[in-house]
Structure formats: C-alpha cells, structure tokens
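**Q** Take this structure, written in structure tokens, and hold onto it; I'll ask about it next.
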Amino acid sequence: MTFTVTRLNHAVLFVREVDRAAEFYHRVFGFEELERPAGMRAAFMRAPGGENHHDLGLFEVGATAPRPMRGSVGLYHLAWEVATIEDLARAQGALAEAGALSGASDHGVSKSLYGRDPDGHEFEVMWRVPREAWGELENQAPILPLDLEKELARWGAGASVE
C-alpha cells in the first residue's frame, strides 16, 4: 500500500545554540521567529510569505555537540525554493555576505546554490525552471556549473514557476 505526499511541510534541526541559529536564519533567509516554547531551548520560524505554522524548527542540543559529518548516514541537505531567478541572485548575495555560500550548480530543471549554516547543516536554495521548458531534461539530473548571469538574462524579468 502507498500514500500520496503533497510536499515537504517543514524541517526541524538540532543546533548547538538556538540563539545563533535563529539569528542566522532570520538575517540570511528572512525567516520570522514565531515562538520560543516555555521551558525549552527551541525556536519556531516561518519563511517570508509562508503559510505554514512554521517552516523551520530549531532545537538546542548544546555547544559541545558534534557537527554533522559529511559522508555518514543522515540528512544530506534541505532545499529551500525561491519563486524567481532574481530571488536566487539575491540569495547568492545574502549567502556570500554571511560567509555561508559553498557552491552553485545548474541541474537543468533547477538552478541551485549551496551553503552551510553555523552548525554545519548543508542547505540548497533553488529556483525551479518553468515546467514547459524541462524538455529532455525531465528524466535527467545533470550537475553542471551555474552561470547565474546567463540564467538571469534568459529567465529574468519575472520568470516564475507560479
């Protein structure tokens, strides 16, 4: 038996220091802090324009907790989607300014930036190419260098998946 998932609703991360993590996600992503539950070192946050109760939960586990280890079993990364290619360009600036940008890729059907938060959690910020332009890339997963200037010229001025 199977069931239908409509989308990923939210993410919850263990962090060393909830204050530092919440400040990072607010400053870099613009997430709004909604709640700090009484008696817990935790924060719930919502993305700008989000319709969820929360898009991100942060739970403090202590300053001496080990960082996530790349190549071990566990979550590789989270992907946050933006609405336009211009938003992706703004994300590149924000991530670079925060010292969090670690890479960029062109996946054909999406354009992606990669980064790490202060606790070492890897994330992707991606823009999805309009579905009608996927063509032969629909069943492929290329990992190519991203030329964001070229993509802005091609898809700019409001190209959106909405």
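**Q** Note down all Cβ pairs under 7 Å where the first residue falls in the stretch 120-145 and is on the phi > 0 side of the Ramachandran plot, the second is surrounded by 10 or more Cβ atoms within 10 Å (Cβ to Cβ), and they're at least six residues apart or on different chains.
**A** If the second residue must be surrounded by 10 or more Cβ atoms within 10 Å (Cβ to Cβ), the pairs left are G120/R67; G120/P68.
**Q** Would you check if there is a residue in the stretch 64-75 being free of Cβ contacts under 8 Å to residues at least 24 places away in the same chain, surrounded by fewer than 16 Cβ atoms within 10 Å (Cβ to Cβ) and farther than 20 Å from R16 by Cα?
**A** yes
**Q** How about the stretch 118-134: which of its residues are within 17 Å of A21 (Cα to Cα) and either over 10 Å from the mean Cα position of the chain (by Cα) or among the hydroxyl-bearing types (S, T, Y) (or both)?
**A** Selection gives P118, D119, G120, H121.
**Q** Another question, then. Looking at the stretch 76-117, which of the residues that are free of Cβ contacts under 8 Å to residues at least 24 places away in the same chain and of a type in the set (S, T, Y) is surrounded by the most Cβ atoms within 10 Å (Cβ to Cβ)?
**A** Per the criteria, the residue is S110.
**Q** Only residues in the stretch 33-53 that are in contact (Cβ under 8 Å) with a residue 12 or more places away in the chain count as the first member; pair them with residues that are assigned to a strand (DSSP E or B) and of a type in the set (D, E, K, R), Cβ under 6 angstrom, at least 6 apart or cross-chain, and list the lot.
**A** Taking only residues 6 or more apart or on different chains, the pairs are L34/R46; R41/E60; A43/E33; F44/E35; M45/E33; R46/E32.
**Q** Report yes if R131 is outside the structural domain of L56 (by TED's automatic domain parsing) and within 18 Å of F29 (Cβ to Cβ), otherwise no.
**A** For R131, the condition - outside the structural domain of L56 (by TED's automatic domain parsing) and within 18 Å of F29 (Cβ to Cβ) - is not met.
The values are calculated or read from the model by the stated rules, or taken from the named source; none is laboratory data. Quantities reported herein were computed from a predicted structural model and do not represent experimental measurements. No Cβ is skipped: glycine too gets one built from the backbone with ideal geometry, and neighbour counts run over all protein chains shown.
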